[in-house]
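Working notes for the structure below.
The values are calculated or read from the model by the stated rules, or taken from the named source; none is laboratory data. The structure presented is a predicted model; accordingly, all values stated were derived computationally and were not measured. Here the Cβ is made from the backbone with ideal geometry for all residues, glycine too, and neighbour counts use every protein chain on show.
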Amino acid sequence: MAEVESDRGGCRMTTSFLLNGQSIEAEGHPMERLLDVVREQLGLTGTKEGCGEGECGACTVLLDGEPVLSCLVPLFQCEGRRVETVEALAGRPDGPLRETLERFVATGGVQCGACTPGIVVTLAALLERNATPSREEAREALAGNLCRCTGYEGILRALLPALGPEDSKA
Amino acid sequence: MNGIGDSPPRPDGFAKVSGAARYVDDVSLPGMWHGATLRSPHPHARIRSIHWDPAKAPDGAVCVTVADLPGPNGVQLIDDGWPILADGFTLHVAEPVALVAAPTRLAARQALAAITVDYEPLDPVLSLEQAESLSPLYQLGMDTGDVEAALARADAVIEGEYRTGHQEHIYIECNGMIAWYEDDGALTVLGSMQCPYYVHKALTHGLGLPDDKVRVRASTVGGGFGGKEDFPSAIALHAALLARACGRPVKVVYDRHEDIIGTSKRHPAVVRHRTGVTRDGRLLGLDIEILMDGGAYATLSSVVLSRALLHSFGPYRCADVRIRGRVLRTHTTPNSAFRGFGAPQVEFALERQMDRIARTLGLDPLEIRMRNAVEPGDRLPTGQVLDASTSARLCLEEAERRTGFRERWKELEEARARRSEGSDGEPLRGIGLSLYFHGAGFTGNGERKMKSPVTARILEDGRIEVLTAMTDMGQGCVAVFPQIAAAAAGILPEDVTFAEPDTAEVPDSGPTVASRTTMIVGGLIARAVAELRDRVVSGREGASVRDGWIEGPDGSRERFREAALRLRQENGPVEVTLRHEPPEWQTFDESTYSGAAYPTYAWGADVVEVEVDPDTLAVRPIQVTAVCEVGRAIHKTLCAGQIEGGTLQALGWALMEEVKMQDGRYLNDRLATYIIPTIRDSPRIDVHLLEQAWEGGPFGAKGGGELPMDGGAPAAAQAIENATGIAVTAIPATPERLLEWQRSNQTVGDAG
């Protein structure tokens, strides 16, 4: 585990970054996991820990618009950068992902929901650079997000309206 | 329309996609400390002493060992033979030996270093082979007819031995609990669980508290699959013991590593078959021996074995059957509930045996199944006469119709036979078929003993509130229950609300397991809300309720909710509690294993297509067609979602998921090394629901959550054989295993 105690008298520093559009100063050990800063210090618990070692994707956040695994990002790397979590990307009913999210629920993309915030963040980045991904492009983009409930079919169905006709299921 | 079969958005959907849903690790209470668990490094050892040195621990940290337990050292499940904390001995690696709590998660981990345990390592038993000669944890048998006579008159007797491995649940949310005491000594536990009343029983038993001093609340559950059936009881006890020791709320949340080594898995199994058949492929006698690795403690193994026995003969006709089953004890983490609950192991074995029989007799996989599949009116070996919704043959026919399996299988068999030695590097194609069934609801007399209640009442705003103890671990009872309630009473989904699973509020409607939630509890909900509706409209001759309106024969209309509100205001609380009573014909004799083991069965046929790399023998599933009959689907999307997810879980178990151990220690205790299917590993999964309404279930529904776990593995194994000619007798069929079998010439040619 990369978890580092922040109140043990060790190295502490202030890291300034943009979190969901707001300027933040986070206090902590420079190697503290971004995941813990976001969840515990900033109270944004939408970002989940599934494995703590960058395998499951449940803790995905955007760093300067790119999906990263916040369990592997040390706090100091966020200095001066832009961090977005699921709360900002999907928390507003009128947000840009609204239609995708409604489809995501309607097509059975969500069961237990523990992987879902990470998948939503990954999809936000995918759709930002490619509004009409093919099935293969969607599978490539989601390769780092484990889901144990859906068999991934419901998740792909949520993207179907965005898929080209040659990719649609018969 | 009454909405049955529609797919409304699940009510928790937006909270889950937006990150607002609160799982246990998202909850933080004022003054809360964190717990950690000291675990045994040895598979088997005597504990000579445990020494806690507070001076070496962070300030204020507390430690709990077996010496501090206020009550019996047993996690109450079926019995209490599973210790809360190791006492004198440790029987598996990762067994909890001591607990600590400290102000932060890291401080708690640091506090573990202040405990010194003096172990004397003992010889462990680590494999089924080693355990086979020792006394079992549990054994069961069942005899119908005279199997020896049947084998003696058979045209052929075919033998086979099949093996299945561990499987780790890998719910994405690990196990976790928070416990706190109120000033009056009452205990509350909040956490991730399938069975609030199991946790409640374990807490009252282990802590010596009266029922009304223990409250158990389920948080949002991030996946279960059986893995949150029994271990939450132990973790709740640990959190409560720490809360008691430090006088603060304590959170115990496992990380992935700890969850893998410390909690249950699917039982590994060895199943041996001796089958007598006629020349034309009819089953005459089945002689079956089942060995399951129970791990160190029995937990739920006895009921897992029971279900295994009752599924080992499969969806086939056979009059003469002998089955012997044993759960053996090894020095490994207890194996316990996992989707399918013993059935996937034995159905894998039987389906592989059917394939072996077919090859021996020169039949194709579809033909051997069609000739033996049960039909309505047939008797299972238990004597149970199968009802009208017995769809084994329908599933096979529909699977054939959709995939053209028979032709494709033959083509690929011929292509394999033509293929010369060596490969051109092109992937090998294979196709496989399986037939499977799953008993819905508790085994035997389980439901009769439990008589689980559901309560419905009219709230002060005129809505109906339904109270059950069922948790939604993702399967979607939060959506299905309102559909059932609204349709049963003729009211609108918004006229009914559901209480959170909280033992202070809801009755003990049983555990969220065994594919019983929709069928049993959903059925109770339908009856309870219909009875409330009848009370609301009583005295109105000829009135009916539709779409939330009470309609009189004279054309008068009144909102149901307003009439309900008036009844509530005039009469005070209006409440109905109903208990599940199985029909009289559904009796099961546990001494002879005869009778109706389940009220009904769900049915399925899978066709799996794979590509196998001829050089590496890596197997890639390309396409699965799953034809399933689970009665009427209440919510089509969620019902199909259960089958899609369960099918992929079955393929993971069949092809890649492997718990590796050496000397009783885990070699792959993390997601970097315990591999489950990613989206890139996953085939297209086409689900076809054959909807046959079953008269015993709410609106014709049966249980379906576990069914899909039974069919994927044998179909994938057959597809690998079809592609490569390598006889697959064990799973996971990893490339390493396939290579070993190829080298030792374990091929279908000599399988007979």
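For the stretch B:141-229, give me every one of the strands (runs of 3 or more DSSP E) that falls completely inside it and has 3 or more residues that are farther than 21 Å from residue B:295 by Cβ and over 25 Å from the mean Cα position of the chain (by Cα). Let's see the steps before the verdict.
Details: elements: B:156-164, B:176-181, B:187-191, B:214-218.
Result: B:156-164, B:176-181.
Restrict the check to the stretch B:423-430 and report whether at least one residue is outside any loop (DSSP other than H, G, I, E, B) and modelled with pLDDT under 95. No: zero hits. Cβ separations smaller than 9 Å between residues 6+ apart or across chains give the following pairs from the stretch B:171-188 residues that are within 14 Å of another protein chain (Cβ to nearest Cβ) to residues that are among the aromatic types (Phe, Trp, Tyr): B:171/B:225; B:173/B:23; B:174/B:254; B:175/B:231; B:175/B:254; B:176/B:23; B:176/B:254. On the given criteria, is residue B:221 β-branched (Val, Ile, Thr), closer than 17 Å to residue B:511 by Cβ, touching a helix residue (DSSP H, G or I) at 6+ places or on another chain (Cβ under 7 Å) and surrounded by 24 or more Cβ atoms within 10 Å (Cβ to Cβ)? When the stated conditions are applied, residue B:221 does not pass them. If only residues of the stretch A:134-146 that are more than 7 Å from chain B (Cβ to nearest Cβ), in contact (Cβ under 8 Å) with a residue 24 or more places away in the chain and crowded, with 17+ Cβ neighbours inside 10 Å are counted, the one that is farthest from residue A:51 (Cα to Cα) is A:135.
When only residues in the stretch B:447-468 that are within 20 Å of the chain's Cα centre (by Cα) and crowded, with 21+ Cβ neighbours inside 10 Å count, which is modelled with the highest pLDDT? Working first, answer last.
Just the residues of the stretch B:447-468 that are within 20 Å of the chain's Cα centre (by Cα), to begin with: B:447, B:450, B:452, B:468.
Okay, now just the ones that are also crowded, with 21+ Cβ neighbours inside 10 Å, so B:447, B:452, B:468.
Values: B:447: 94, B:452: 95, B:468: 98.
Once the filter is applied, the top-ranked residue is B:468.
Residues are listed down the side, and each one gets a yes or a no for (1) surrounded by fewer than 24 Cβ atoms within 10 Å (Cβ to Cβ); (2) within 14 Å of another protein chain (Cβ to nearest Cβ):
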| residue | (1), (2) |
| --- | --- |
| B:568 | yes, no |
| B:584 | yes, no |
| B:589 | yes, no |
| B:607 | no, no |
| B:613 | yes, no |
| B:618 | yes, no |
| B:622 | yes, yes |
| B:637 | yes, yes |
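With respect to the stated conditions, residue B:43 is more than 14 Å from chain A (Cβ to nearest Cβ), in a loop (DSSP other than H, G, I, E, B) and farther than 22 Å from residue B:174 by Cβ. Every condition in (1) in contact with a strand residue (DSSP E or B) (Cβ under 8 Å, 6 or more places away or on another chain); (2) more than 13 Å from chain A (Cβ to nearest Cβ) is met by residue B:633 except one, and the failing one is (2). The single condition among (1) touching a His at 6+ places or on another chain (Cβ under 9 Å); (2) under 23 Å from residue B:28 (Cα atoms) that residue A:45 does not satisfy is (1). Regarding the stretch B:59-79, can at least one residue be identified that is over 29 Å from the mean Cα position of the chain (by Cα), surrounded by fewer than 17 Cβ atoms within 10 Å (Cβ to Cβ) and closer than 30 Å to residue B:698 by Cα? Checking the stretch B:59-79: not a single residue is over 29 Å from the mean Cα position of the chain (by Cα), surrounded by fewer than 17 Cβ atoms within 10 Å (Cβ to Cβ) and closer than 30 Å to residue B:698 by Cα.
Residues of the stretch A:122-145 that are assigned to a loop (DSSP other than H, G, I, E, B) and not hydroxyl-bearing (Ser, Thr, Tyr): A:130, A:131, A:133, A:142, A:143, A:144, A:145.
Considered as a group, the residues in the stretch B:491-538 that are among the charged types (D, E, K, R), in a helix (DSSP H, G or I) and in contact with a helix residue (DSSP H, G or I) (Cβ under 8 Å, 6 or more places away or on another chain) include one that is surrounded by the fewest Cβ atoms within 10 Å (Cβ to Cβ), and that residue is B:535.
Does any residue of the stretch A:112-121 turn out to be under 18 Å from residue A:63 (Cβ atoms), facing chain B (nearest Cβ under 7 Å) and within 17 Å of the chain's Cα centre (by Cα)?
First pass over the stretch A:112-121, keeping only residues under 18 Å from residue A:63 (Cβ atoms): A:117-121.
In the following step, the residues that additionally are facing chain B (nearest Cβ under 7 Å) were identified as A:117, A:120.
Keeping just the survivors that are within 17 Å of the chain's Cα centre (by Cα) gives A:117, A:120.
Yes.
Take the residues in the stretch B:674-686 that are surrounded by fewer than 22 Cβ atoms within 10 Å (Cβ to Cβ) and outside any loop (DSSP other than H, G, I, E, B); name whichever of them is nearest to the other protein chains (Cβ to nearest Cβ). Among residues in the stretch B:674-686 that are surrounded by fewer than 22 Cβ atoms within 10 Å (Cβ to Cβ) and outside any loop (DSSP other than H, G, I, E, B), the one nearest to the other protein chains (Cβ to nearest Cβ) is B:680.
Yes/no matrix, rows are residues, columns are (1) buried (at least 24 other Cβ atoms within 10 Å of the Cβ); (2) over 30 Å from residue B:131 (Cβ atoms):
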residue	(1), (2)
B:649	yes, no
B:691	no, yes
B:698	yes, yes
B:722	yes, yes
B:731	yes, no
B:748	no, yes
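The single condition among (1) outside the structural domain of residue B:33 (by TED's automatic domain parsing); (2) surrounded by 24 or more Cβ atoms within 10 Å (Cβ to Cβ) that residue B:289 does not meet is (2).
Hey, among the residues in the stretch B:95-121 that are part of a loop (DSSP other than H, G, I, E, B) and more than 27 Å from the chain's Cα centre (by Cα), which one's farthest from the other protein chains (Cβ to nearest Cβ)?
Here is the first cut: in the stretch B:95-121, the ones part of a loop (DSSP other than H, G, I, E, B) are B:95, B:103-104, B:113-114.
From what's left, more than 27 Å from the chain's Cα centre (by Cα): B:103-104, B:113-114.
On the way: B:103: 9, B:104: 7, B:113: 14, B:114: 16 Å.
Among them, the one singled out is B:114.
Among all residues of the stretch A:72-83, there is at least one that is within 25 Å of residue B:681 (Cβ to Cβ) and assigned by TED's automatic domain parsing to the domain that holds residue A:28. Does any residue of the stretch A:77-93 turn out to be within 28 Å of residue A:132 (Cβ to Cβ) and free of Cβ contacts under 8 Å to residues at least 12 places away in the same chain? Yes, the stretch A:77-93 has at least one match. Mind checking whether some residue in the stretch B:11-32 is away from chain A (no Cβ under 14 Å), crowded, with 19+ Cβ neighbours inside 10 Å and part of a loop (DSSP other than H, G, I, E, B)? Within the stretch B:11-32, none of the residues are away from chain A (no Cβ under 14 Å), crowded, with 19+ Cβ neighbours inside 10 Å and part of a loop (DSSP other than H, G, I, E, B). Among the residues of the stretch A:82-121, write down those that are in contact with a helix residue (DSSP H, G or I) (Cβ under 6 Å, 6 or more places away or on another chain) and part of a helix (DSSP H, G or I). Of everything in the stretch A:82-121, those that are in contact with a helix residue (DSSP H, G or I) (Cβ under 6 Å, 6 or more places away or on another chain) and part of a helix (DSSP H, G or I) turn out to be A:86, A:89, A:90, A:101, A:103, A:104, A:105, A:116, A:117, A:120, A:121. The single residue among B:140, B:151, B:134 that is surrounded by fewer than 15 Cβ atoms within 10 Å (Cβ to Cβ) and not assigned by TED's automatic domain parsing to the domain that holds residue B:321 turns out to be B:134. In the stretch B:86-94 there is at least one residue that is out of contact with any Phe, Trp or Tyr (no Cβ under 7 Å at 6 or more places or on another chain), in a strand (DSSP E or B) and surrounded by fewer than 21 Cβ atoms within 10 Å (Cβ to Cβ). Restricting A:34, A:44, A:101 to residues that are touching a residue at least 24 places away in the same chain (Cβ under 8 Å) and facing chain B (nearest Cβ under 10 Å) narrows the list to A:44. For the stretch A:21-32, the criterion of being under 23 Å from residue B:28 (Cα atoms), buried (at least 23 other Cβ atoms within 10 Å of the Cβ) and modelled with pLDDT of 95 or more is met by at least one residue.
Among the residues of this structure, residue B:574 counts as one that is in contact with a Lys or Arg (Cβ under 9 Å, 6 or more places away or on another chain), surrounded by 15 or more Cβ atoms within 10 Å (Cβ to Cβ) and β-branched (Val, Ile, Thr).
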